[in-house]
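See below for the structure under consideration.
Every read-out reported here was derived from the displayed coordinates using simple, explicitly stated rules and does not represent laboratory data. Please read these numbers as outputs of a predicted model, since none were measured by experiment. Cβ placement follows ideal geometry from the backbone for every residue including glycine, while neighbour counts extend to all protein chains displayed.
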Amino acid sequence: GDRKHFNQNVRSSGHFLAVVAGGPRSAAGSSAAVSVARRGGQEIARAEVMYAADFEQSLDGWTPVFDGTLIEPDEHTAYSGMRSLKIRSVSPASRLSSSRQFRGWDLAAFPTIRFAYKIPKGVPVGMRCKTLFGDWVALGGTAGESQEGAEGAAGPLLVDDGEWHEVTIDAGRAVRTVLPGVAVLSEFQYFTHRDIGGEKAFWIDRFTVVR
């Protein structure tokens with residue numbers, strides 16, 4: 001198979017973060033508290049989960065950000081279950097960006113993002129989250145994705161090798177490092193800073209926001 005159990009944990013890093021101002025607007029969405037997710041094959045207790053998506057039945061609230069990007073369930077590849085979420089460009093002007101909006105994402109209660117991903121070689125993918133004040137905090141991405149506005153390295157690095165990986169991100173620490181007074185987020189995005197210039201795609205699965 002093409003799956004690698006590659007666990008990226010960046011809880012201790014305070015050097016990989018930066019504010020990115022003036023991000024694009026995306027369509028309105030609503031958050032949905034999900035009672036149970038799975039962590040390493042074990043169920044996570046209800047109180048630990050703010051949001052969990054496995055994309056088996058729907059897009060789970062994800063929307064494209066820019067014209068030229070399409071998001072769709074994919075039955076041909078998945079980290080677990082039968083489907084994953086495919087994010088692909090349908091025009092050269094696409095920025096390969098997708099968003100999940102939330103109502104009152106409490107960072108103190110739910111600081112951790114976990115997901116599985118598969119990114120083909122050379123496909124640029126970045127990550128960021130948005131505060132209620134409209135500020136963007138970069139959370140890293142692939143080596144080929146510019147982290148404009150970042151000071152020093154911008155990580156964690158997502159691996160673009162066409163295999164499935166898992167990543168864990170301490171979003172609470174990321175935000176506190178650059179915006180200590182911010183306690184609530186409103187959005188998470190995958191994005192690129194530029195038009196990608198062709199048809200490209202990547203996949204995510206088992207996306208959770210937990211304690």
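Observations, loosely collected:
- Estimated FRET transfer efficiency when R0 is 45 angstrom, pair residue 161-residue 57 (beta carbons, to 0.05): 0.95
- Distances between placed amide hydrogens fall under 5 Å for residue 200 paired with 89, all partners being 5 or more residues away or on another chain.
- Evaluated with a Cβ-only charge set (Lys, Arg +1; Asp, Glu -1), region 61-108 carries a dipole of roughly 80 debye about its Cα centre, given to the nearest 20.
- Amide hydrogen proximity for residue 51: with H placed 1.01 Å from N in the peptide plane, the residues at 5 or more positions away or on another chain lying under 5 Å are 34, 209.
- With a simple spin-label model that places each label point 7 Å from the Cα along the Cα-to-Cβ direction, the separation between residue 103 and residue 70 comes to 3.2 nm.
- Under Karplus coefficients 6.51, -1.76 and 1.60, residue-wise ³J(HN,Hα) of region 183-199 in Hz, glycine/proline x: 10, 9, 10, 10, 6, 10, 9, 9, 6, 10, 7, 8, 4, 7, x, x, 7
- Each residue of region 161-177 was assigned a 3J(HN,Hα) from its phi angle through the Karplus expression (A = 6.51, B = -1.76, C = 1.60, θ = phi - 60°), giving 10, x, 10, 7, 9, 10, 9, 10, 10, 8, 5, x, 5, 4, 5, 4, 5 Hz with x at Gly and Pro.
- Relative to the current alpha-carbon distance between residue 177 and residue 199, full extension at 0.36 nm per residue lengthens the span by 4.4 nm.
- Residue 59 long-range amide H proximity, modeled H, under 5 Å: none
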